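Every read-out reported here was derived from the displayed coordinates using simple, explicitly stated rules and does not represent laboratory data. Everything numeric in this text was worked out from a predicted model, so none of it was measured. Virtual Cβ from ideal backbone geometry, glycine too; neighbours counted across all protein chains shown.
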């Protein structure tokens, strides 16, 4: 797939996400854009702060165990995923005449270090990403918290379990769920 085809896929996806807000595809009205990534069975989050140009990678896996890389390369196919996403996001901003593309192009992605990162738990990354998306406001916030206890405290597992239940209920009862009525009927 060449760059034009990749850009078309991104533009189509953003247009679909913004359905009903056709006047906003240039993203000028947005302060932050969050892009969840699924890579090799692992989920993490890339946060583009358009207000205070920054790119932050939020990964629940501690940096000593994480495989999420930040290696750039002139050859698009040799870039790590974070840099591929940045490259295409900047291309999209430029194509939509959003002046922030120039600033975002020069920003280097940074991995956030958080007290609740895990060394042993590699299966709940989807729950972490969902909570991170709920709690993230903007880059550069010192001591950003999303409510997770540390892995060592043994309370993080209970938090994950409660969040899993909360998210499952929201998904099952969402109007977007085609089987919602059936789920409600079976549980009544």
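Checking [x] 13.8; [y] 12.8; [z] 11.7 against mean projected area of the Cα convex hull in nm² calculated from these atoms, the matching label is [y]. Classify region 115-159 as rounded, prolate or oblate from the Cα gyration tensor: take a ≥ b ≥ c as the square roots of its eigenvalues, call it rounded if a/c is under 1.5, otherwise prolate when a/b beats b/c and oblate if not. Since a/c reaches 1.5 and a/b is larger than b/c, the shape of region 115-159 is classed as prolate.
With a point put 7 Å past each Cα toward its Cβ, work out how far residue 141 is from residue 74 in nm, to one decimal. Between residue 141 and residue 74, the label points sit 4.0 nm apart. A protection proxy built from the mean count of other Cβ atoms within 10 Å ranks the segments 111-124, 169-182, most packed first, as 111-124, 169-182.
On a full-extension model of 0.36 nm per residue, what is the gain between residue 182 and residue 32, subtracting their alpha-carbon distance, rounded to one decimal in nm? Walk me through the numbers on the way to the answer.
On the way: separation 150, 0.36 × 150 = 54.00 nm, distance 3.61 nm.
Roughly 50.4 nm would be gained on extension.
Under the simplified labelling scheme, the residue 87-residue 51 pair shows an inter-label distance of 3.1 nm, with each label point 7 Å from Cα along Cα→Cβ.
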